[in-house]
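J.: The following block contains the structure, expressed as structure tokens.
The values are calculated or read from the model by the stated rules, or taken from the named source; none is laboratory data. Keep in mind that this is a model prediction, so the values were computed, not measured. Cβ placement follows ideal geometry from the backbone for every residue including glycine, while neighbour counts extend to all protein chains displayed. Areas reflect the complete protein model, heavy atoms only, side chains present, ligands, DNA and RNA absent. Shrake-Rupley method; radii C 1.70, N 1.55, O 1.52, S 1.80 Å.
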Amino acid sequence: MAKQKEPQAPRQPTRRQLSHWQKQALRQRIIGIVGIVTILAVILLVVGGWFFNQYLPVDRHMHDTVVEVNGQKYDMAYFIDAVKYYDMVYFSGDPQYIPYILDAAEQNIEQFALMKEAAKELGISVSEADIDKQIKDNSLPTNQAVRDIVHGGLLRDKLMS
């Protein structure tokens with residue numbers, strides 16, 4: 001009959017091996033943390049650079065006054081919305097015509113503001129329902145610039161009649 005081996009107890013690591021494994025685990029943790037911190041630093045630098053060089057300068061100028069009529073100020077965001085409206089309505093969204101629209105948009109903003117003041121003095125007004133109907137019928141975006149342009153157009157038609 002064959003001799004059976006007695007089961008041996010699992011081999012216990014020596015103190016030197018344990019010390020080596022502990023040092024290795026510590027090194028792995030340090031390298032992992034340093035790697036994560038490095039990746040986060042790169043991401044923060046990229047996002048911070050974009051924020052301070054792209055977003056902040058554009059956002060800051062969106063609140064600058066572009067047109068002022070009788071004390072009423074119109075900012076860049078309002079002006080851009082008006083230019084987008086004229087581009088969409090008259091040029092079907094073709095961006096090559098935007099330089100030609102800029103002067104017309106500024107003149108129309110001024111004319112409609114003056115027209116509103118003159119119509120108030122004459123007692124002529126346009127209801128909000130008429131403006132909403134016109135915007136809905138033509139599938140126009142709903143922002144303050146488009147509302148003012150539609151209001152000005154309806155007011156002009158009333159004044160002409």
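J.: Out of region 1-29, which residues are aliphatic (A, V, I, L, M) and open to solvent by less than 100 Å² (accessible area, probe 1.4 Å)? Please lay out each step first, then the result.
T.: Taking region 1-29 first, the residues aliphatic (A, V, I, L, M) are 1-2, 9, 18, 25-26.
Those that are aliphatic (A, V, I, L, M) and open to solvent by less than 100 Å² (accessible area, probe 1.4 Å): Ala2, Ala9, Leu18, Ala25, Leu26.
J.: If I go through region 63-85 residue by residue, how many of them are under 21 Å from the mean Cα position of the chain (by Cα) and either modelled with pLDDT of 85 or more or hydrophobic (A, V, I, L, M, F, W, C) (or both)?
T.: Of the residues in region 63-85, the ones under 21 Å from the mean Cα position of the chain (by Cα) are 63-66, 74-85.
Then keep just the ones that are either modelled with pLDDT of 85 or more or hydrophobic (A, V, I, L, M, F, W, C) (or both); that gives 66, 74-85.
Going through region 63-85 one residue at a time, the tally reaches 13.
J.: Can I ask one more? Only residues that are modelled with pLDDT under 85, in a loop (DSSP other than H, G, I, E, B) and either aromatic (Phe, Trp, Tyr) or out of contact with any Asp or Glu (no Cβ under 8 Å at 6 or more places or on another chain) (or both): list them for region 86-135, please.
T.: Ser92 - this is the single residue of region 86-135 that is modelled with pLDDT under 85, in a loop (DSSP other than H, G, I, E, B) and either aromatic (Phe, Trp, Tyr) or out of contact with any Asp or Glu (no Cβ under 8 Å at 6 or more places or on another chain) (or both).
J.: Name the pairs whose Cβ atoms lie under 6 Å apart, with the first residue in region 34-62 and closer than 24 Å to Ala77 by Cβ and free of Cβ contacts under 8 Å to residues at least 40 places away in the same chain, the second of a type outside the set (Asp, Glu) and open to solvent by less than 100 Å² (accessible area, probe 1.4 Å), and 6 or more positions between them or separate chains?
T.: The qualifying pairs are His61/Met76; Met62/Met76; Met62/Ala77.
J.: Restricting to region 32-83, name every residue that is assigned to a helix (DSSP H, G or I) and among the small types (Gly, Ala, Ser).
T.: Initially, region 32-83 is screened for residues assigned to a helix (DSSP H, G or I), giving 32-61, 76-83.
Once the filter is applied, which keeps residues that are assigned to a helix (DSSP H, G or I) and among the small types (Gly, Ala, Ser), region 32-83 yields Gly32, Gly35, Ala41, Gly48, Gly49, Ala77, Ala82.
J.: Next question, about the same structure. Can you go through Gln134, Gln107, Gln111 and tell me which one is under 31 Å from the mean Cα position of the chain (by Cα) and over 24 Å from Val66 (Cα atoms)?
T.: Numbers: Gln107 fails: over 24 Å from Val66 (Cα atoms); Gln111 fails: over 24 Å from Val66 (Cα atoms).
Sole residue among the options that is under 31 Å from the mean Cα position of the chain (by Cα) and over 24 Å from Val66 (Cα atoms): Gln134.
J.: I've got another one for you. So in region 88-143, with the set limited to residues that are more than 17 Å from Leu154 (Cα to Cα) and among the hydroxyl-bearing types (Ser, Thr, Tyr), which one is least open to solvent (accessible area, probe 1.4 Å)?
T.: Going through the qualifying residues, I end up with Tyr97.
J.: Does Leu155 satisfy being open to solvent by less than 40 Å² (accessible area, probe 1.4 Å), part of a loop (DSSP other than H, G, I, E, B) and not β-branched (Val, Ile, Thr)?
T.: On the way: open to solvent by less than 40 Å² (accessible area, probe 1.4 Å): yes; part of a loop (DSSP other than H, G, I, E, B): no; not β-branched (Val, Ile, Thr): yes.
No.
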